[in-house]
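See structure below.
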Amino acid sequence: MVKKQDYADIVSKDSPKGHEITIACRSWMRADVVSTHKYIPDTKYVVASSQADEYRQNGLNVWECPDSAQGNICRVSNWIMDNCKTRWLIIIDDDLINFGRYNGNKHKKIKSEDVMDLLFMCFMMAEDADVKLWGMNCIDDKGAYREYTPLSFNNYIGGPFQAFIDMDLRYDEKLNLKEDYDMTLQVMNKYRRALRFNFLNYNFKQHVNIGGCASYRTVEREKQQYDLLFKKWGPKIVKKDCGNSRTHRKKEQGYDINPIIKVPIKGV
């Protein structure tokens, strides 16, 4: 894999900050349980001023934001974007376990010491593809990976890991539980594509930690958020996931909190 120092030689001199990556990890009330820094040491935890000392006492790299920016995942993400000093930005959740990759039918976990090289490679490919947003497959199951489609340009980019290049769009604060779906659609609508590395995937401890979005995520709020997303983008783009399996009971089908989005742009 290409080393970081090699990239500095090929990044355009007109954008000297292009080869620097800011890895911003949103966190709230989880100083004792965060894990992303264990896998990506360059991680900066974006935390409110009132909680910053608690995170620092645990030896974490803190990027302090005002308390007013917290309480809404979209608001703090927008604060990160507004205050980021680099062209390349990754916004990531605080409970990352690891990244993985498929090579044919074989799945392999990516070592921590190789992660930064991987991220640099992906950013350079995203620059070459002229995209503003890139991400990874949100599922590590082989059933979700097609080996003949290692890359795609019109698929959903999950919120636990979203990578931006000089992004001018911002998250919709009204959609703080469906912000990743909305951001994907915003990017598709304006720039017509986003790059997803389907052969790469991530593994988070989602829905098991306290604090963060878990403190206000309920089925009722998820339904309200779905309705807002549906109203914003319409029935041809946002659809409910009712399940295709006949083994699913009707009662269970109605409680899938994740919508299906259909991007009306040709291609993969």
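The values are calculated or read from the model by the stated rules, or taken from the named source; none is laboratory data. Here the structure is a predicted model, which is why all the values come from computation and not from measurement. All Cβ positions, glycine included, derive from the backbone under ideal geometry; neighbour counts span all protein chains shown.
Is one or more of the residues making up region 59-71 buried (at least 20 other Cβ atoms within 10 Å of the Cβ), among the hydrophobic types (A, V, I, L, M, F, W, C) and closer than 17 Å to ILE157 by Cα?
no
For PHE164, work out the one condition from (1) closer than 16 Å to PHE204 by Cβ; (2) among the hydrophobic types (A, V, I, L, M, F, W, C); (3) outside any helix (DSSP H, G or I) it doesn't fulfil.
The one condition PHE164 does not meet is (1).
Restricting attention to region 1-27, and to residues there that are more than 17 Å from PHE161 (Cα to Cα) and crowded, with 19+ Cβ neighbours inside 10 Å, which single residue is modelled with the highest pLDDT?
Result: HIS19.
I'd like to verify a number: residues in region 111-147 that are in contact (Cβ under 8 Å) with a residue 40 or more places away in the chain, closer than 18 Å to PRO160 by Cβ, over 16 Å from the mean Cα position of the chain (by Cα) and in a loop (DSSP other than H, G, I, E, B), how many?
1
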